[in-house]
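I have placed the structure first, in the form of structure tokens, so that the comments after it can refer back to it.
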Amino acid sequence: MDLLETRAIGASLERMDGRLKVMGTAPYAFEQRVDRPAYLHPVQSTIARGRIHSIDTSAAGRVDGVIAVITHWTAPRLASDESKELWVLQSNEVHFRGQFIAAVVAETLEVARHAADLLRVEYEPAAHDVGFRAGREDLYAPKTVNAGYPTDTDQGDAEHAFNAAEVRMDETYSTPMEHNHPMEPHSTVAVWESEKLTLYDSTQSAHSVRNAVAKTFGLRGEQVRVISPYVGGGFGSKGEPHAHNILAALAALRVPGRAVKLALTRQQMFTLAGHRTPTIQRFRLGATRDGHLKAIIHEVVEQTSRFQEFAEQTAVPTRLMYAAPNRRTRHRLAALDVPKPSWMRAPGETPGMFAGEVAMDELAAACGLDPIELRVRNEPERDPESGHPWGNRHLVACLREGARRFGWSGRDPRPGRRPEGDWLIGSGVASSTYPRYVLMGSRASIRFNDGRYGVRIGAADLGTGTWTTLTQIAADALGCPPESIRLEIGDTDLPNATVAGGSSGMSSWGWAIVAAAREFRRRHGSRPPSGAEASAETPEGADDETFAQHSFGAQFAEVRVNAQTGEVRLARMLGVFSVGRIINPRLARSQLIGGMTMGLSMALHEEAVMDERLGHIVNHDFVGYHIATNADVIDLDAVWLEEVDDRSTPMGSRGIGEIGIVGAAAAIANAVYHATGRRVRQLPITPDKLVT
Ligand code: MOS
């Protein structure tokens with residue numbers, strides 16, 4: 001144990017950045033003050049595949065206030081096309097509808113936008129294909145899926161065991177293309193000073209942006225500085241740089257002496273900031289009559305862009321959730337002329353656990369078992385895939401605690417038995433899980449001065465509370481009150497930090513801070529002289545996986561479904577989570593409830609609709625793409641088991657950013673079934689699926 005004591009950890013401190021944010025004075029990327037700002041408005045392709053034949057820029061160039069019009073003919077050359085997504089304005093090829101094909105830089109945003117409209121583009125269109133279907137003949141197996149997991153796994157003979165099982169469920173579930181849509185749009189401000197580029201950026205990882213941008217431009221890392229102290233959400237979509245970072249930097253090269261500001265519009269974010277792939281998932285469960293699983297088969301089809309692969313790890317949670325001697329998981333991709341899919345809050349677990357946890361509910365009904373009891377009967381003693389012992393598997397405790405708090409006992413499992421006037425009431429449960437990730441390579445430095453400890457690490461706070469929680473961790477690691485810590489984050493001039501992704505941020509950075517504090521105390525004792533310094537990295541072996549270390553949870557939902565209109569109202573929802581020690585209850589609750597709200601949104605609202613003729617997302621705004629708002633959230637609560645997980649991190653904590661969304665949509669879908677007797681396997685659960 002490296003913490004001197006845990007006084008600050010566990011305290012419900014208010015957000016240290018809260019006042020600045022409420023006052024509107026926290027500088028988000030676009031608002032950073034720069035000399036002589038110029039404004040960029042991008043031009044996007046209106047075909048989904050083909051080539052640009054010509055672009056007439058003359059009318060745009062004549063508009064008062066236009067500084068530059070940039071196309072692939074006039075853009076500076078980039079050095080590396082390792083990321084095709086970042087290979088911006090380098091050729092006449094069009095890979096998806098909405099791709100950047102030009103940019104206008106002007107004295108004001110309005111002029112830039114107006115002039116961008118005046119470009120006349122002629123294309124040589126090629127036949128495009130955005131048809132996402134499970135029956136395609138060109139589906140392929142990627143080498144690995146996201147986070148490096150194997151594409152396929154097999155244990156025993158799953159097909160045979162399934163066919164021989166007493167009870168068999170064989171159903172297909174689907175989830176649509178979904179979009180992250182953080183409140184703050186993706187924004188970047190690019191400034192060149194001779195050979196040095198500064199980006200004020202909205203990102204989950206300043207260092208990742210620096211590294212990718214430097215590589216793309218052929219610069220050394222130290223020639224690029226990324227500054228990102230405040231970020232208005234990301235949910236994965238700001239976990240890596242996107243084309244807009246490169247576009248702003250390219251444009252700034254063309255307008256020397258000017259800072260170029262670019263914020264994507266809400267509509268542009270549908271094609272230029274990543275998305276969650278749609279999925280089609282065939283799920284088969286074979287069990288004995290009393291609900292013991294004999295076979296689990298999970299076969300997933302998802303999309304990737306043709307120009308650059310992204311393979312979501314949708315079937316990965318199925319490898320560890322429940323005991324079964326025979327198991328098969330598969331991922332297959334359709335390579336389409338769509339924007340590149342990317343990370344969106346718990347990629348893999350989120351769509352995969354929707355299918356898996358609804359399938360378990362269906363099996364419980366088929367076996368005449370309570371759905372919690374079915375899960376308890378299939379609790380694996382060890383990680384079924386690796387055979388490793390569990391670090392801290394408390395799924396059953398979460399289910400039981402949730403049942404007690406939610407009032408589950410005495411529930412009639414038969415569906416459609418609780419009408420209240422026009423409304424049908426039902427309840428549902430589902431499990432959650434998320435891996436404990438620690439990423440290697442973060443470094444923290446500590447310097448004592450004027451009675452305070454300066455703690456520096458290039459970490460990100462995308463609204464999660466990093467400013468506050470890292471301060472709490474540093475205080476306990478140094479044995480001082482939080483007021484004695486002066487934290488600096490969000491800048492590549494600070495020591496390297498890994499991404500705020502995979503719910504790994506606090507684990508990885510917090511560990512680096514604890515290691516640096518230990519080194520500091522070893523060198524300087526508890527009465528350090530002014531100027532005393534130390535630094536350290538997240539120690540080797542921090543990512544050790546001798547134990548299967550995962551978080552778990554149980555989500556309970558009660559819905560009211562209008563029998564006439566099919567409207568679904570979530571009456572109440574409770575999540576019980578096992579996530580290690582909670583660093584800050586106030587902020588943790590906000591993370592968990594935020595995830596559950598996003599799961600509610602996924603269950604009932606979110607769906608991008610692709611027009612296959614045009615390769616166009618037709619509902620690309622918040623009128624057409626619904627996201628849950630306050631009015632949808634009536635009674636939502638999250639609690640956790642009291643737990644200290646010293647195996648996972650020296651703080652005893654695991655990450656909490658993503659688990660809240662996992663299983664949430666399944667709990668709601670299961671509640672809708674319980675209310676109505678209708679099993680909706682295609683998200684979102686819109687009224688038309690209930691009334692027809
Ligand atoms: Mo999360 S989708 O790994 O930022």
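Some values worked out for this structure:
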| item | result |
| --- | --- |
| Helix-only CD estimate at 222 nm, as mean residue ellipticity for the chain, using -39500 (n - 2.57) per DSSP H run (n ≥ 4) | -7000 deg cm²/dmol |
| Loop-located GluC sites (Glu not before Pro) in segment 40-101 whose Cβ has at most 12 other Cβ within 10 Å (DSSP) | E82 |
| Loop-located chymotrypsin sites (Phe, Trp or Tyr not before Pro) in segment 597-692 whose Cβ has at most 12 other Cβ within 10 Å (DSSP) | F622 |
| Within the chain, longest stretch free of exposed trypsin sites (Lys or Arg not before Pro) [DSSP loop, at most 11 other beta carbons within 10 Å] | 221-612 |
| The chain, relative contact order [Cα under 8 Å, separation at least 6], % | 17 percent |
| Gyration tensor verdict on the chain (Cα atoms; rounded if a/c is under 1.5, prolate if a/b is larger than b/c, oblate otherwise) | oblate |
| Exposure proxy order (Cβ contacts within 10 Å, fewest to most) of S535, S205, S504 | S535, S504, S205 |
| Cα centroid separation - segment 201-265 against segment 376-400, whole Å | 42 Å |
| Loop-located GluC sites (Glu not before Pro) in segment 539-633, at most 15 other Cβ atoms within 10 Å (DSSP) | E540, E545, E612 |
| Histogram of C-alpha separations across segment 28-70, 10 Å bin width, % | 18, 39, 29, 14 |
| Sequence of H626, H388, H128, H186 once ranked by neighbouring C-beta atoms within 10 Å, starting from the fewest | H388, H626, H128, H186 |
| For segment 146-156, Karplus couplings with θ = phi - 60° (6.51, -1.76, 1.60), whole Hz, Gly/Pro x | 3, 6, x, 6, x, 5, 10, 9, 9, 10, x |
| Order of H72, H275 under a 10 Å beta carbon neighbour criterion, fewest first | H72, H275 |
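No value in this document is a laboratory result; all are computed from the given coordinates. Quick caveat, the model's predicted, so the values are computed rather than measured. FYI the Cβ positions are ideal-geometry reconstructions off the backbone, even for glycines, and counts take in every protein chain you see.
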